[in-house]
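In what follows, a structure is listed as structure tokens, so that the remarks can point back to it.
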Amino acid sequence: MGNKMRVGIIFGGKSGEHEISLMSATSILRAMDPNKYDTLLIGITKKGEWLLYDGPIDLIETGEWERIAREQMKKDPDTYRFSVVGTSSYLKEQVDVLFPVLHGPFGEDGTIQGLFEMADIPYVGAGVLASSTGMDKVIAKKLFKQAGLPVSDFLMFLRNQIEENPADCVEQIEAHLNYPVFVKPANLGSSVGITKARNREELLYALETAAKYDRKIIVEASVNCREIECAVLGNEEPKASVVGEILPSNEFYDYQAKYLDDGKSKLCIPADIPEEKAEEIRRMAIQVYKTIDCAGLARVDFFLEKETMKVYVNEINTMPGFTKYSMYPLLWEATGLPYSKLIDRLIALALERYEDKKRNRIR
Ligand SMILES: Nc1ncnc2c1ncn2[C@@H]1O[C@H](COP(=O)(O)OP(=O)(O)O)[C@@H](O)[C@H]1O
Ligand SMILES: [Mg+2]
């Protein structure tokens, strides 16, 4: 092992973004310099089981890793069997730093970050608070608004309100917002459960749909917009990348446009917008990042209203897609930080943050 840094890469996960995570992790593993890093691979199945994986990187994306990991566990249970409960002390011995390449609930929402904190292991990315705040669209928007950042008007409903009195919800929405409106589960990603509702009938359906996925639902004024994204990197002094534009293949950037249309959604880097707009967005991205006390990395997504060129903050993603073709690394590439250097930087930031936090414990 020598002086190589030992990095635990955690991939898969219980969320709907399991497959994206497999792709992100594959890209990361292929780019990590074996002279600098030893890796320990930990896959989390869709059901939430943790498995150590010691096989070819190519079999992660295809999902075959799971079968191999199970076979390894059968052959040598002492080495390979470890449950979440046993994870913390085991991992602390095995790795210097963890990289949770997990998107969505149970990966990007502070839950696994809490486990790492308890286990006292440095990890890449945002801490518990920023992760959970960034995941919750209602809490995040409230904080952005409070910080003076522009967000589109929104209302919040709980599932029980929708189930018990949908007509009242509709009445409140129609009193505050004009159609079309966007209805979303508050704590999800990948556009799952999101509907653009153009009238009352569609609104009722949209509320029901979103309520299937979450107990908390956000209803937002629709912005006729271009979608601009900015990558942020750093701890105490975060830096913003050039900005990029998403050109969705559908009417909006829904699940289909994100993952199924085989590359028909396009990324335009840098975005073709006036330099002073890009500068405004970069400044705002850092403000958004600091508002939730983020660390490591995040992609901040904006709406640029077509008619007025007004900028709205849409959301912050604390573990954005990280394949070689994903917006986040491409934005840094265009800013002069190539993919493998970006990974080095993220690991260094994780260690810096850990060391910095240790100082809080000195009594
Ligand atoms: N208020 C809005 N106005 C216009 N388009 C929206 C609005 N909210 C969401 N969208 C569209 O829906 C997509 C997904 O919404 P988003 O809030 O980013 O959820 P997710 O976390 O699933 O990515 C956006 O990328 C955009 O295309
Ligand atoms: Mg989004």
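Ranked by accessible surface with a 1.4 Å probe, highest first, in what order do His176, His103 come? It would help to have the intermediate numbers written out before the result.
Details: His176 125, His103 10 Å².
Final ranking, largest accessible area leading: His176, His103.
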Checklist entry - What do you reckon, how do Ser265, Ser131 stack up by accessible area (1.4 Å probe), largest on top? => result Ser265, Ser131
Checklist entry - How much accessible surface area, in Å² rounded to 10, belongs to the heavy atoms of Met309 with a 1.4 Å probe? => result 60 Å²
Checklist entry - Under 5 Å between amide H atoms, partner at least 5 residues away or on a different chain: which partners does Ala271 have, H built in plane at 1.01 Å? => result Val243, Gly244, Glu245
Checklist entry - Taking the alpha-carbon centroid of each part, what is the distance from segment 325-362 to segment 225-288 in angstrom? => result 19 Å
Checklist entry - Mind checking the dipole of segment 224-358: about its Cα centre, +1 per Lys or Arg Cβ, -1 per Asp or Glu Cβ, Debye to the nearest 20? => result 320 debye
Checklist entry - Amide H to amide H under 5 Å from Val192: which residues, 5+ apart in sequence or cross-chain, H placed 1.01 Å off N in plane? => result none
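Quantify how much of the Cα-Cα distance distribution of the chain extends past 29 Å, in percent. Walk me through the numbers on the way to the answer.
Working: 27191 of 65703 pairs.
Tail of P(r) above 29 Å: 41 percent of Cα pairs.
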Next on the checklist: Using a 1.4 Å probe on the protein heavy atoms only, what accessible surface does Tyr37 show? Give it in Å² to the nearest 10.
Outcome noted: 20 Å²
Checklist outcome for this item: Per its Cα gyration tensor (rounded if a/c is under 1.5, else prolate when a/b beats b/c, else oblate), segment 67-174 is best filed as prolate
Next on the checklist: Using each residue's phi in segment 220-230, evaluate 6.51 cos²θ - 1.76 cosθ + 1.60 at θ = phi - 60° and report the 3J(HN,Hα) Karplus result to the nearest Hz, with x for Gly and Pro.
Outcome noted: 10, 4, 7, 10, 7, 9, 9, 9, 10, 10, 9
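How about segment 209-271: which GluC sites (Glu not before Pro) there lie in a loop by DSSP and see at most 11 other Cβ atoms within 10 Å? List each step's numbers first, then the result.
Values: sites: Glu220, Glu227, Glu229, Glu236, Glu245, Glu251; in loops: Glu236, Glu251.
Answer by residue number: Glu236, Glu251.
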Checklist entry - Distance from the Cα centre of segment 25-66 to that of segment 125-174, in angstrom? => result 35 Å
Next on the checklist: Only bridges whose two residues both fall in the chain count here: according to DSSP, what percent of them are antiparallel, nearest 5?
Outcome noted: 75 percent
Checklist outcome for this item: Here the relative contact order (percent) of the chain, from C-alpha pairs under 8 Å and at least 6 apart, is 17 percent
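State, as an integer percentage, the relative contact order of segment 153-221 based on alpha-carbon contacts under 8 Å between residues 6 or more apart. Before the final figure, lay out each step's value.
Numbers: 117 pairs, mean separation 32.1, N = 69.
Relative contact order, segment 153-221: 47 percent.
Please arrange Ile246, Ile269 by accessible surface area, largest first, computed with a 1.4 Å probe and ligands excluded. List each step's numbers first, then the result.
Values: Ile246 5, Ile269 55 Å².
Solvent-accessible surface, decreasing: Ile269, Ile246.
Just from its helices, what would the mean residue ellipticity at 222 nm be for the chain, if runs of 4 or more DSSP H residues each count -39500 (n - 2.57) and the sum is divided by every residue, rounded to the nearest 500 deg cm²/dmol?
Working: 14 runs with 148 residues, N = 363.
Computed ellipticity for the chain at 222 nm equals -12000 deg cm²/dmol.
Give the average over all directions of the projected area of the C-alpha convex hull of segment 153-221, one decimal, in nm².
Working: hull surface 14.9 nm².
Projected area, direction-averaged: 3.7 nm².
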Checklist entry - Given the Cα atoms of segment 256-363, and with Rh set as the inverse mean 1/r over their pairs in the Kirkwood sense, what is Rg to Rh to two decimals? => result 1.03
Next on the checklist: Positive end of the dipole of the chain, charges at C-beta (+1 Lys, Arg; -1 Asp, Glu), about the Cα centre: which of Gly234, Tyr339, Ser89 has its Cα farthest in that direction?
Outcome noted: Ser89
Checklist entry - Just in segment 8-61: which trypsin sites (Lys or Arg not before Pro) are loop by DSSP and have at most 14 other Cβ atoms within 10 Å? => result Lys36, Lys46, Lys47
Checklist entry - How large is the accessible surface per residue of segment 91-210, computed with a 1.4 Å probe and reported in Å² as a whole number? => result 42 Å²
Checklist entry - Can you work out ³J(HN,Hα) from phi for every residue in segment 103-111, in order, using Karplus 6.51 cos²θ - 1.76 cosθ + 1.60 and θ = phi - 60°, giving whole Hz and x for Gly and Pro? => result 10, x, x, 6, x, 10, 10, x, 5
Checklist entry - Of the cross-linked pairs Lys14/Lys277; Lys47/Lys239; Lys47/Lys74, which ones have a Cα-Cα span greater than 29 Å in the structure shown? => result Lys14/Lys277; Lys47/Lys239
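If you filter segment 280-363 for GluC sites (Glu not before Pro), then keep DSSP loop positions with at most 10 other Cβ within 10 Å, what is left? Don't jump to the answer; show the numbers that get you there.
On the way: sites: Glu280, Glu305, Glu307, Glu315, Glu333, Glu352, Glu355; in loops: Glu307.
Taking segment 280-363 and a limit of 10 other Cβ atoms within 10 Å, the loop GluC sites (Glu not before Pro) found are Glu307.
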Checklist entry - When the dipole is taken about the Cα centre of segment 153-221, and only Lys, Arg (+1) and Asp, Glu (-1) are charged at their Cβ, what size is it in debye, to the nearest 20? => result 300 debye
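Of all beta bridges DSSP finds with both residues in segment 5-123, what is the antiparallel percent, to the nearest 5?
Details: 4 of 17 bridges.
Here the share of antiparallel DSSP bridges comes out near 25 percent.
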Checklist entry - How large is the charge dipole for the chain, taken about the Cα centre, if only the Cβ atoms of Lys, Arg (+1) and Asp, Glu (-1) carry charge, to the nearest 20 debye? => result 820 debye
Checklist entry - Using modelled amide H (1.01 Å from N, peptide plane; none on Pro or chain starts), what sits under 5 Å from the amide H of Leu40, excluding residues fewer than 5 places away? => result Val7, Gly8, Ile9
Item to check | 5 Å-binned pair-distance histogram of segment 133-252 (Cα, whole percent) | outcome: 2, 10, 18, 22, 21, 13, 7, 4, 2, 0
Checklist outcome for this item: For Lys264, counting only aspartates and glutamates whose alpha-carbon sits under 17 Å away and dropping same-chain residues fewer than eight positions off, the answer is Glu227, Glu245, Glu251, Asp254
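The values are calculated or read from the model by the stated rules, or taken from the named source; none is laboratory data. Model, not experiment: these values are computed from the prediction. Cβ atoms come from the backbone with ideal geometry, glycine included; neighbour counts cover every protein chain shown. Surface accessibility is based on the protein's heavy atoms, side chains included, excluding ligands, DNA and RNA. Shrake-Rupley method; radii C 1.70, N 1.55, O 1.52, S 1.80 Å.
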